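These notes concern the structure reproduced below.
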Amino acid sequence: MDPWLQPAIDYIHDWIELQVRGLQQPGCIVAIAHCGKIVAEYAFGHANLTNGEKLTPRHRFRIASHSKSFTAAHEKAVATEIERRYAPRKRPAR
């Protein structure tokens, strides 16, 4: 593991835990991938507020059409990066 990765993972864990508590959210699940491998999985909060069941990384959320906005944002970012790297540079007018 790269030397910078574990401190970054620790920071992300602490920051998300603070956000879930501070914003009084029921729960959140996070997976962090690096170089094609899952390097961390965390669950914060509760799966069931009524009986107090803790959330685990194995719980699944129904996200339905919400994933479309994530996909669209990702595709836009990829397209922008490709344009930035490979589009012919415009020459200044003379």
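The values are calculated or read from the model by the stated rules, or taken from the named source; none is laboratory data. Being a predicted model, the structure only gives us computed values, none of them experimental. Reconstructed Cβ throughout: ideal geometry from the backbone, glycine too, with neighbour counts over all protein chains shown.
What to note about this one:
- Of residues in the range 8-32 being farther than 18 Å from residue 63 by Cβ and among the small types (Gly, Ala, Ser), the one surrounded by the fewest Cβ atoms within 10 Å (Cβ to Cβ): 22
- Within the range 44-71, if we keep just the residues that are modelled with pLDDT under 85 and among the aliphatic types (A, V, I, L, M), the residue that is farthest from residue 15 (Cα to Cα) turns out to be 64.
- The residues listed here are 16, 63, 82; of these, the one that is in contact (Cβ under 8 Å) with a residue 12 or more places away in the chain and not acidic (Asp, Glu) is 16.
- Verdict on residue 20 being in a helix (DSSP H, G or I) and in contact with a Gly (Cβ under 6 Å, 6 or more places away or on another chain): yes
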